[in-house]
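The values are calculated or read from the model by the stated rules, or taken from the named source; none is laboratory data. Since we're looking at a predicted model, the values are computed, not measured. Cβ: placed from backbone, ideal geometry, glycine included. Neighbour counts: every protein chain shown. These area figures cover heavy atoms from the full protein model, side chains too; ligands, DNA and RNA do not enter into them. Shrake-Rupley method; radii C 1.70, N 1.55, O 1.52, S 1.80 Å.
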Amino acid sequence: MTAPARSSADERLLAFRRNKLALVGAALLVLLVAFCFLGPLVYVTDQVHTVLEAARLLPGEQGHPLGTDDLGYDVLGRLMAAGQTSLVIGLAAGALATVIGTAWGAVAGFYGGWLDAVMMRVVDAGIAIPGLFLLVVAATLVTPSVPVLILVIGLVSWLVPARLMRAESLALRSRAYVEAMRLAGGTGLGAIRRHIVPNAIGTVIVNATFQVADAILLVTYVSFLGLGIPPPAANWGGMLSGGLAYSYDGYWWLIFPPGLLIVLTVCAFTFIGDGLRDAFDVRFRERA
Amino acid sequence: MTRYVGVRLLQAIVVIFIVVLIVFFLLHRIPGGPARGILGQQATQQQIDDFNHAQGFDLPLPVQFGRYLGQMVTGDFGDSYVENQRVGDLVADRLPKTLVLTGLATLLALLVAVPLGVFQAVRRGRASDHVLSMVNFVLYSTPVFFLGFVLIIVFAQRIPLFSAQAPQGGTLVEILSDPRGLALPVITAAAGMIAVFSRYLRSSVIDNLHEDFVRTARAKGASEPYLLRKHVLRNSLTAIVSMIGYYIPVAFGGALVVEQMFNYPGMGLLFWNAAQRSDFPVLLGVVFVIAVATVLGSLLADIAQRLIDPRTRKVTP
């Protein structure tokens, strides 16, 4: 008796679903996205005009469930608006880093030789400069805005995916089907697009999830170092660091809600990434 | 081995050259140039031109780069524009302090993460493993300064065990003789490392537990503690070594935030203050030192790995 054949996609889905942490992460992410993007439709607040006479109201006062901040913005509504910014920057910067890193690593590993040596030394150099230091410098060069932050965070985060992809590419380029395509007169870039990247897609996707998590943390640090997006725009990192300025006055509602939302969001992406890794990596699946 | 070290050294020099190239040209994009930063907004065009001429900023960029590189090779990083001091002296004063902070944090992280990772690997799939994994993920996901804030509230305000202010002493001895002040910055810096290290060690130990030689030893009747000590942990040692080498730039990045948060007088704070005032030679000097530390660190880690683990010697750089 043979077991019914199951496609690898089915098995992956099964492995992902068996990983409870990954399911928790996925559920968490759905809730967070709903909170940030659907929340403002239900709970309408003004996040543009300051109301100084209603500043720093305690939670529950004057119909503000989570109180107001030092400029009189409703904290609950601001968490939603800020979350949109944080999520959009995190997702876009993570995607940008993944695309650049994948392309860079795939080309370096596939062609090898001098090109590989030079391209990977550039990656080594990039890794030797901590991303935060580059972000601090970048902020003195350009005024932070959402597209700028996406670009800058993407540009300091593509190095790890480049290394991972290069290793994959190096291993895949000597496979028979890649050699065959080359013998048949196919171009190198064609082989990379048709064979190398699709075969490494598991590694790419798993890493992309972690990239998003890291990008959201980076936005937070950028805000803490005083380089965030200027108001009235908001992101969780900015709210958290803004709240910390009043930490000794006991304004806990300005600190813990954005802090917890950052932790939950980064956790959600990390859980999902961990589950995806189990799903894509047969080795892990057998041992779990 | 000699050949390997030679090739890696050559690579390291190329990498450091690229670092200097990137940062040099990036910093030259600062609007108005360093002249505006130093002379202020009120400076006249004449003053700016004079300054630029005196500093050699009116020369073509490649020429400036060549001059800068020439100075660097002789160990001269130039003068700070803001502090009336040489960049070399500033860095030499701050670097040991950051090394103390990150060194202690790494040590603490290893002391916690190694037993934690091994424990989780041995008990993988059980409830205790899941709970610890969860704690790990939460630790990883918490912004360093948020964690630092919570620690200050709990361990400096509610339970006045430690001080919320980092040691402010000018010398290393003064810093080290203030453990109450040093505790929270070190713990804060260690937290993220604990999460990453223990996760890494957990998968390394799981990998090694599935090796043939472990199965053979077990079949021959070796006890589990003996197996762990002799066969698994020794093999995971290479993982720890390469992990530390890889973690150096991340640790410096963390120091930037921790030093800023606790007002700890290290390289991170120096860099941040320099960025606020476009103190271009200091920025370049700090990045250069960190890049050298990172490149040397990963070089040493790779060499150590080859010494410890004969299997890795087959891999060419």
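A:Leu227 meets each of the listed conditions (1) within 11 Å of chain B (Cβ to nearest Cβ); (2) modelled with pLDDT under 75; (3) over 20 Å from the mean Cα position of the chain (by Cα) apart from (3). Restricting attention to segment B:64-83, which residues are exposed (fewer than 11 other Cβ atoms within 10 Å of the Cβ) and under 15 Å from B:Leu21 (Cα atoms)? Matches in segment B:64-83: B:Gly70, B:Val73.
Residues that are surrounded by 15 or more Cβ atoms within 10 Å (Cβ to Cβ), within 12 Å of chain B (Cβ to nearest Cβ), free of Cβ contacts under 8 Å to residues at least 12 places away in the same chain and of a type in the set (Val, Ile, Thr) do occur in segment A:253-272. Only a single criterion out of (1) touching a residue at least 60 places away in the same chain (Cβ under 8 Å); (2) away from chain A (no Cβ under 12 Å); (3) open to solvent by less than 70 Å² (accessible area, probe 1.4 Å) is not satisfied by B:Thr171, namely (1). Kindly list the number of the only condition in (1) open to solvent by 40 Å² or more (accessible area, probe 1.4 Å); (2) closer than 26 Å to B:Ala164 by Cα that fails for B:Leu269. Of everything listed in (1) open to solvent by 40 Å² or more (accessible area, probe 1.4 Å); (2) closer than 26 Å to B:Ala164 by Cα, B:Leu269 misses just condition (1). The listed residues are A:Arg283, A:Arg277, and the only one of them that is open to solvent by 60 Å² or more (accessible area, probe 1.4 Å) and either within 17 Å of the chain's Cα centre (by Cα) or at pLDDT 75 or above (or both) turns out to be A:Arg277. In summary, helices (runs of 4 or more DSSP H) completely within segment A:138-242 and bearing 1 or more residues that are in contact with a Phe, Trp or Tyr (Cβ under 8 Å, 6 or more places away or on another chain), of a type in the set (A, V, I, L, M, F, W, C) and on the phi < 0 side of the Ramachandran plot occur at A:159-172, A:188-191, A:201-224. For segment B:135-156, name all the residues that are open to solvent by 70 Å² or more (accessible area, probe 1.4 Å) and facing another protein chain (nearest Cβ under 9 Å). Once the filter is applied, which keeps residues that are open to solvent by 70 Å² or more (accessible area, probe 1.4 Å) and facing another protein chain (nearest Cβ under 9 Å), segment B:135-156 yields only B:Tyr140. Could you check segment B:197-224 and list, in sequence order, the residues that are in a helix (DSSP H, G or I), more than 20 Å from B:Leu110 (Cα to Cα) and not aliphatic (A, V, I, L, M)? Of everything in segment B:197-224, those that are in a helix (DSSP H, G or I), more than 20 Å from B:Leu110 (Cα to Cα) and not aliphatic (A, V, I, L, M) turn out to be B:Asp212, B:Phe213, B:Arg215, B:Thr216, B:Arg218, B:Glu224.
If you check B:Gln64 against the conditions, is it part of a helix (DSSP H, G or I), over 28 Å from A:Thr265 (Cβ atoms) and more than 23 Å from the chain's Cα centre (by Cα)? Yes; evaluated as a whole, the condition is true for this residue. Restricting the first member to segment B:77-103 and to residues that are under 12 Å from B:Glu259 (Cβ atoms), and the second to residues that are surrounded by fewer than 16 Cβ atoms within 10 Å (Cβ to Cβ), the beta-carbon pairs closer than 8 Å and six or more apart or on different chains are B:Lys97/B:Leu172; B:Val100/B:Leu172; B:Val100/B:Leu176.
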